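**Q** Let me begin by handing over the structure; questions about it come next.
No value in this document is a laboratory result; all are computed from the given coordinates. Just so you know, these numbers come straight off a predicted model, no measurement behind them. Don't worry about glycine lacking a Cβ; one is built from the backbone with ideal geometry, like all the others, and counts go over all protein chains shown.
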Amino acid sequence: MHLLFLFDHPLLIRMRESLSAADCATAGMHRVPRHREGSSRDGRMSAMVTFLSLNAGWSLERGPLMVPWREFVPRRNSKRCQRGVFVNTPGVGIRANFRLRAILFCTVVWLVMAGCEPHAAAQASKPASTHHPGRAAHPSNAQLADPNLEGRVDRLLRQMTLEEKIGQLVQYNDTGDASPAPPAKGDQGAIAAVNPESGNHVNAMQLAATGRLGSMLNTIGAERTNTYQHLAVDQSRLHIPLLFGADVIHGFRTIYPVPLGLAASFDPELVVDLSHMAAEEATTAGIRWFYSPMVDISRDPRWGRTVEGAGEDAYLGAAMARAYIRGYQGDSLSKPGNVAASVKHFAAYGAAEAGREYNTTDMSEIRLRQDYLPPYQAAVEAGAATIMSAFNSLNGVPSSANPFLLKSILRGEWGFNGFVVSDYTAVMELMNHGIALDPATATRKAITAGVDVDMMSHFYDTQLLGLIRSGQVPMAVVDEAVRRVLRVKFATGLFENPYAQGVEVTAAVAEHRPLVRKAAEESFVLLQNDKLADGAPLLPLSPTRKLVALIGPLADDKVDMIGAWASAGNEGDIITLRQALAQRAQQLGITLLYSEGTEIDSSSQAGFSDAIEAARAADVVILALGESSAMSGEAGSRAYLDLPGNQQQLLEAVVAAGKPVVLLVFSGRPLVLDWAAKHVPAIMEVWFPGTEAGNAIANVLYGDVSPSGKLPMSFPRAVGQEPLYYNQFPTGRPPTLIDLSKPPAEGTRFFSRYIDVPNSALFPFGYGLSYSSFSYHDVKVSKGSIPLAQALSAQSLPLLEASAIVTNTGDRTATEVAQCYVRNLGASIEQPVRSLEGFRRVTLAPGESKQVNFPLGFKELSFFNLDSKPTIEATHYTVWIGGSSLASQETAFEVVSPSGMADSH
Ligand code: BGC
């Protein structure tokens, strides 16, 4: 008791601080930042410079600022920079003093058996499971919990100085340096010139060579990653390799559709194959860590990052999240060709108010758990090795300093045992959020909340030393963060194989093209396909239409086919629609006319007459309209969701030419296609399809493949409907049996409705047409009632099965995505009008029928109650099975308690 009291004595506190400081007395210098308003951004510029110089022959000398880097990375706001100056640490006398204090302190520590504040070495000698009793019971990733791996972590940690430990928590990109010479003091110099917004005077090469850097982001090219890796492995004292991370979001060199498009495939197995393919390509360039999957649920397409996720639905989002993790990490992080995943952005970033980028999110805990957290949780349960803390605040607490998210939920409830990396400068941005007045506070809040690695803020490396010395951040917190990083480094086999693996992939891989083409074909969603006068639908195109006019700014556009987050995709590898159609025209003896018509975002009508002329001359028009890739992705929020520039006018002018029009919509989000839906016979959403864009579109247009994609997000009639999603809550005044297409007539006003637009989506979630048609019948459940006690006890087993017979009623083989929706009525908490709880892809020959089964268990039937606990009550359930969220064939069952429904809640 006395000894414990002694531990909190001010003298001992100072001694403990001195001991921590002694750990770092080897440091000749450390950085003291001068605090400034604002934040520094976009050191990735230099990564791009490197990438471009390696791939396009540009050099730093020739002026990277001339390079159109925005095509490859998201645009960043220019903000004032956080600057730093170097000062020397006082020397010998202080060091002697340290030693004396250290000896004294160690004696006390010895006497109290390494009590309260665990020193690194003392802590390191304990087995893993004793570090956090209770928590390690169900570690999310078994590989990271391996005791042998922990032994290696222990041994390494014991040898590390405090600076080396902090180094593992620091992440920079390629700062563009050619040598590890120290950066010039106080001089902007070359580094700042290539990295104008950071101005931090950081030389990542020097940091790597001295063991002060743990990981790097977006350093592209084997030569560059190997250069850095050699510095870390050959020159740093403990030879700890760097972990190279990159935003490989939908392919490395061979690009597949943007994630929103991929989600439209409703095909998780395909996602496994694609993401593994990307990992295999990227590891040849030394990348061993992907900042992917992005699993933020988005119900508001104004938010540009909608393109990076799986859309509006938690069930689909979770299925996709699991698939990405399986593809990236495989069954072992250390297998060649596998990478560690970073699930992002934790949490609820996609609920940014008004769809404005980086904006506040604020929601009930029930909504958070029910609608936003499931995909992150699914990814963690699938073993994701790392997770990225988001930019946004959630209910007033920024995600990158949010212990509720990072500790209680992520580690406490989900048993996450990987490491957390902050989003880009998110630690620094805690000051902009107004919860930290200085870098030290921001650092303390972030690391104690559970952010292990600081991406680009330049805060952990400048602040942690002082915070540990002053006792504001316990050494144990830093040690644990370092452990988490080292575990991933050991598990990925980096120590054995630190360098780029195999022959570097520098261009799209021919053998990978069929897979990305298939992915693109599966991602397309046929929104409309009206019958023409001859009684046949316009699509697939008949080869008898001999004169085809291809019109629009996206028809022969390479760079925009890749979409946001192009990673290392080369423009030259892209097949445009014009190229693919030209080839097909040759095969079919068709004449292809081409006219750009207008640019993506232009007001000039100079190209209109040419386009109209082509349309008039043609038998059919293919119009390729939509957004540029830069209009979605990070910082790509839009307040209007229509076709940009004067494309709507071009569309109307071309339609007025009187020929059948197929509208292809390229976009990273749902757009408002209200006019088109009324006037254009065939509309297909093709997102941003990737390397094989043109071939895939041509294959579907000409019917080699029947479209099978279904919308992962609702398409609104008007932007004012947003956020619009199918699984809304009911209201007290639902406008049932009222014609919402007309302004309210007498007696129809006081309902939950708009007076100027119907409530419904123009094209709803789950919707998508095929060249065939499908019918659903025999929708049933295996049990009409389930005892409540059973429903609550069998948490991992199916409680019943819902099923239906799907029949291909058309005349061609095609694939349908059968979907199962559930509504829970009578619960103590209002529940959505319906929620997706299962889906299956079924391929059927003409006339063929198959039964589709959907097991429903606790996960599918439960909801979060007022205590934020998942539960089932004695309630009624309605089940629908069909081809979209409008599925109308229904059945029902109930959960019953012995004493009747009301008693259960
Ligand atoms: C984005 C992340 C990305 C990171 C690194 C951030 O600005 O929000 O999604 O992984 O940069 O490039």
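**Q** Compute the length gained on full extension between PHE495 and ASN759: take 0.36 nm times their separation in residues and subtract their Cα-Cα distance, giving the result in nm to one decimal.
**A** That works out to 89.3 nm of additional length.
**Q** Hey, what's the Kirkwood Rh for region 749-853 if you take every pair of different alpha carbons, in angstrom?
**A** One over the average 1/r among Cα pairs gives 16.8 Å for region 749-853.
**Q** Return the long-range amide H neighbours of VAL453 (sequence gap of 5 or more, or a different chain), with a cut-off of under 5 Å between placed amide H atoms.
**A** VAL420, VAL421, SER422
**Q** Past the 22 Å Cα-Cα mark, which pairs from LYS558/LYS659; LYS531/LYS659; LYS546/LYS659?
**A** In this structure, LYS558/LYS659 exceed 22 Å between Cα atoms.
**Q** In terms of Cα to Cα distance under 20 Å, which lysines are near enough to LYS407, apart from those fewer than 8 places away along the same chain?
**A** LYS344, LYS445, LYS869
**Q** Testing the spin-label approximation: label points 7 Å from Cα along Cα→Cβ at SER773 and SER828. State their distance in nm.
**A** 4.8 nm
**Q** Please give the FRET efficiency for ARG356 paired with THR843, using the beta carbon to beta carbon distance and R0 = 41 Å, rounded to the nearest 0.05.
**A** 0.50
**Q** Sticking to Cα atoms, compute the Rg of region 816-905 to one decimal and its Dmax as the biggest Cα-Cα distance, whole number, in Å.
**A** In Å, with Rg to one decimal and Dmax whole: 15.2, 51.
**Q** For region 419-433, in order, what is each residue's ³J(HN,Hα) by Karplus, 6.51 cos²θ - 1.76 cosθ + 1.60 with θ = phi - 60°, in whole Hz (x at glycine and Pro)?
**A** 10, 9, 10, 6, 6, 4, 6, 5, 5, 4, 5, 4, 5, 5, 5
**Q** Compute the distance in nm between two label points, each set 7 Å from the Cα along the Cα-to-Cβ direction, one at ARG155 and one at GLU223.
**A** Spacing of the two 7 Å Cα→Cβ label points: 3.7 nm.
**Q** At ILE805 and ASN865, where each label point lies 7 Å from the Cα along Cα→Cβ, what is the point-to-point distance in nanometres?
**A** Taking the two extended label points, one gets 4.1 nm.
**Q** What do you get when you divide the Cα radius of gyration of region 566-653 by 2.2 N^0.38 Å, with N the number of residues?
**A** Output field value: 1.27.
**Q** Pull out the extension gain between GLU571 and SER785, defined as 0.36 nm times the separation in residues minus the alpha carbon to alpha carbon distance; nm, one decimal.
**A** Once the chain is fully extended between GLU571 and SER785, it gains 71.3 nm.
**Q** Efficiency by 1/(1 + (r/R0)^6): what FRET value for THR506 and LEU437, r their Cβ-Cβ distance, R0 = 60 Å, to the nearest 0.05?
**A** E(calc), rounded to 0.05, equals 0.80.
**Q** Here is a follow-up. Compute the length gained on full extension between GLN795 and ASP234: take 0.36 nm times their separation in residues and subtract their Cα-Cα distance, giving the result in nm to one decimal.
**A** Here the answer is 196.8 nm.
**Q** With the alpha-carbon atoms as the only input, what is the per residue convex hull volume for region 505-599 in Å³?
**A** 139 Å³
**Q** Pick out, in residue order, every one of the chymotrypsin sites (Phe, Trp or Tyr not before Pro) in region 696-791 that is DSSP loop and has at most 11 other C-beta atoms within 10 Å; say none if there are none.
**A** Hits after loop and neighbour filter: PHE750.
**Q** Out of residues 5 or more away from VAL896 or on other chains, whose amide H comes under 5 Å of its own, with H placed 1.01 Å from N in the peptide plane?
**A** Distant-sequence amide H within range of VAL896: ILE786, LEU788.
**Q** Which order do the peptides 357-366, 730-739 take when ranked by the mean count of other beta-carbon atoms within 10 Å per residue, highest first?
**A** 357-366, 730-739
**Q** Sticking with this one: Please go through region 333-416 and write out the trypsin sites (Lys or Arg not before Pro) that DSSP classes as loop and that have at most 10 other C-beta atoms within 10 Å.
**A** Passing both the DSSP loop test and the Cβ count: no residue.
**Q** Using modelled backbone amide H atoms (1.01 Å from N, in-plane), which distant-in-sequence or interchain residues come within less than 5 Å of VAL248's amide H?
**A** TYR291
**Q** Between PHE290, TYR376, VAL343, whose Cα lies farthest towards the positive end of the dipole of region 281-384 when Lys and Arg beta carbons carry +1 and Asp and Glu beta carbons carry -1, centred on the Cα centre?
**A** The Cα lying farthest towards the positive end belongs to PHE290.
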